[in-house]
1. First check a/c for the range 2-73, with a ≥ b ≥ c the square roots of the eigenvalues of its C-alpha gyration tensor; if it is under 1.5, answer rounded, and if not, answer prolate when a/b is larger than b/c or oblate otherwise.
2. From largest to smallest, what semi-axes in whole angstrom does the range 35-77 give when each is the square root of 5 times an eigenvalue of its alpha carbon gyration tensor?
Amino acid sequence: MEFDALKKVTAKILGMDPDEIELDMTFQSDLGADSLDVYQIVMGVEDELDITIPVEPLAQIKTVQEAVELIKSVKRK
């Protein structure tokens, strides 16, 4: 569920096919996302899953897998 939501939002923001996004990809190198893109992706996932993701750990997120783990750790509203 978390991975699907992340793929959907990431694909929409980066203009790509969700099926191209894999867990081991990095946002910057593999997906070509800059920090603004990552911020928009996080906001989109928050809306999609009705959660609030803390800002502090975002700077350490490099891969899709790390983002999924962070999303899973967030408590639902």
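1. Rounded.
2. Details: eigenvalues 46, 29, 16 Å².
Equivalent-ellipsoid dimensions as semi-axes: 15, 12, 9 Å.
Values quoted throughout were computed directly from the atomic coordinates according to the rules given, and no laboratory measurement underlies them. Values in this document were obtained by computation on a predicted structure and should not be read as measured data.
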